[in-house]
Amino acid sequence: MSEYKYIKDQDEEIYQTLVGEEERERVGIELIPSENYASLAVREACGSVFTNKYSEGYPGRRYYGGQEFTDQMETIAIERAKKLFKAEYANVQPLGGAAANVAMYFALMEPGDTVLGMDLSHGGHLTHGHPTTAINKVFNFVRYKMKDVDTGEIDYEHLREMAIEHKPKIILAGFSAYSRELDYAKFKEIADEVGAYTVADIAHITGLIAGGVAKNPFDYGFDVMTMTTHKSLRGPRGGMIVIREDEEIAKKINKAVFPGMQGGPHMHIIAAKAVAFGEALHPNFKLYAEQIVKNAKAMEVVFKDHEVRLLCGGTDNHLLLADVYGSLGVTGQEAETVLDEVGITLNKNMIADEPRSALDPSGIRFGTPAMTTRGMKEEEATSLAELMIRTLKNKDNEAEKEKIRQAVVALCEKFPVPETFVD
Ligand code: DSN
């Protein structure tokens, strides 16, 4: 456990929340597919002296003095990001994935222009233009869906028809709840036909792309990728935009991030991003990325053995979506709550064309980046999936849930959260 020496002396209330969270993470299995454990090196950078500094602008072109070390550090972050994602340009300043997407929209479009992105209930993300978001008031969003929710196949023919009809400025490939590889070549072909930019929101699969186990959209000619840095990439909470090769696009993106969207960049977080990118460039990271996918596959097998319906029919990446209401009569909310009780954290999730509501949907979403960081492999992934099914089938059986809770704690104690990944 971290010492938190100064907080302990100075602020007992916050100290207690830190101790509580440390313990929660120690004895619970994290299966939220967008969460992970950052190394202590990343966390040191997050808490470093760079938090003191204002650095509006970019390396060599700042609006404040005293930038000798911030310039060095941000340049290192940029160079590492470029290497990781095969990009010519990178902007490491976005404060999160949503900020990265909004900046990207303003960089590449004028108000009223159209984006063609994936429907939220078919795996897309709020920032891909959900009606409740502010950007939906500025840009026009149209949505494509899967052709077959039980295989995950995208309806590329419909996507093409929509592109021809709506003439989008951006065709957006990417998701936060979809478990198959996308056909980036097909997206690119359709975008070229209608003169649209191709953007991939790779927030969920950053680590898989960096680790070489998922396709890199730049290999298929995509223009831009937006992402978060704290999910499968295992860095600090933040965002990033990388540009394949077009200098004009890179200039527009830089202007849209600062001064367009943001003020002073969070230099301590950029330092932590640089440390995480260094870790992702280490040979160990490829093994980690491979194991994430193997573990997800192992969980898929168990759910299928128990005849629980999986959206997309299974997974090619780090996450799974299960229709627990349709298969077991347990709602997504009930599943989230009861699994939390036994120490397994995941999130309820809508399934495609959800018949219930967003607050109590039919599905759950879970994934393997965090449990894989603890060193768990297929054997543990299989046991965990069995424990999940057992929990869902015994949601009102307190004695059984207590046994499962003990099994979860034992697994966590056998696989403590590591402090470093580059030994
Ligand atoms: N909230 C993230 C997720 O859980 O997928 C996406 O922004």
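The values are calculated or read from the model by the stated rules, or taken from the named source; none is laboratory data. As the structure is a prediction and not an experimental result, all values here were calculated from the model. A quick note on method: Cβ atoms are made from the backbone with ideal geometry, for glycine too, and the neighbour counts reach across all protein chains shown. Accessible surface is based on the protein model in full, side chains and every heavy atom, while ligands, DNA and RNA are left aside. Shrake-Rupley method; radii C 1.70, N 1.55, O 1.52, S 1.80 Å.
Of the residues making up region 1-58, just one is assigned to a loop (DSSP other than H, G, I, E, B), under 24 Å from the mean Cα position of the chain (by Cα) and of a type in the set (D, E, K, R), namely GLU35.
Taking each residue of region 352-369 that is free of Cβ contacts under 8 Å to residues at least 60 places away in the same chain and looking for partners that are away from the ligand (no atom under 14 Å from the Cβ) and open to solvent by 40 Å² or more (accessible area, probe 1.4 Å) with beta-carbon atoms closer than 6 Å, six or more apart or interchain, yields ASP360/GLN333; SER362/TYR325; SER362/GLY326; SER362/ARG356. Residue-level analysis places GLY117 outside the set of residues that are within 12 Å of the ligand (Cβ to nearest atom) and within 25 Å of CYS312 (Cβ to Cβ).
Restricting attention to region 78-96, the residues being of a type in the set (A, V, I, L, M) and either in a loop (DSSP other than H, G, I, E, B) or more than 19 Å from the chain's Cα centre (by Cα) (or both) number 4. Within region 194-205, residues that are closer than 21 Å to ALA99 by Cβ have Cβ atoms under 6 Å from residues that are more than 12 Å from the ligand (Cβ to nearest atom) and assigned to a strand (DSSP E or B) in these pairs: TYR197/ILE170; THR198/ILE171; VAL199/ILE170; VAL199/LEU172; VAL199/VAL224; ALA200/ALA173; ALA200/MET225; ILE202/MET225, counting only partners at least 6 apart in sequence or on another chain. Take region 354-379 and flag every residue that is open to solvent by 10 Å² or more (accessible area, probe 1.4 Å) and within 20 Å of GLY152 (Cβ to Cβ). GLU354, PRO355, ARG365 - these are the residues of region 354-379 that are open to solvent by 10 Å² or more (accessible area, probe 1.4 Å) and within 20 Å of GLY152 (Cβ to Cβ). Quick one: is GLY97 at pLDDT 95 or above, within 18 Å of ALA177 (Cβ to Cβ), out of contact with any Phe, Trp or Tyr (no Cβ under 6 Å at 6 or more places or on another chain) and of a type outside the set (Phe, Trp, Tyr)? For GLY97, the condition - at pLDDT 95 or above, within 18 Å of ALA177 (Cβ to Cβ), out of contact with any Phe, Trp or Tyr (no Cβ under 6 Å at 6 or more places or on another chain) and of a type outside the set (Phe, Trp, Tyr) - is met.
Residues in region 23-73 that are among the β-branched types (Val, Ile, Thr) and more than 30 Å from ALA177 (Cα to Cα) were compared, and the one that is least open to solvent (accessible area, probe 1.4 Å) is THR70.
Taking the numbered list (1) under 20 Å from the mean Cα position of the chain (by Cα); (2) within 21 Å of MET240 (Cβ to Cβ) in turn, LEU108 passes all entries but (1).
Residues of region 107-133 that are closer than 9 Å to LEU172 by Cβ and in a loop (DSSP other than H, G, I, E, B): GLY124, GLY129. Please tell me if PRO131 is more than 18 Å from ALA191 (Cα to Cα), at pLDDT below 95 and more than 16 Å from the ligand (Cβ to nearest atom). Considered against the rule, which asks whether it is more than 18 Å from ALA191 (Cα to Cα), at pLDDT below 95 and more than 16 Å from the ligand (Cβ to nearest atom), PRO131 comes out as yes.
Give region 333-353 a look and list any residue that's part of a loop (DSSP other than H, G, I, E, B) and surrounded by fewer than 18 Cβ atoms within 10 Å (Cβ to Cβ), or say none. Of everything in region 333-353, just one residue is part of a loop (DSSP other than H, G, I, E, B) and surrounded by fewer than 18 Cβ atoms within 10 Å (Cβ to Cβ), namely ASP353.
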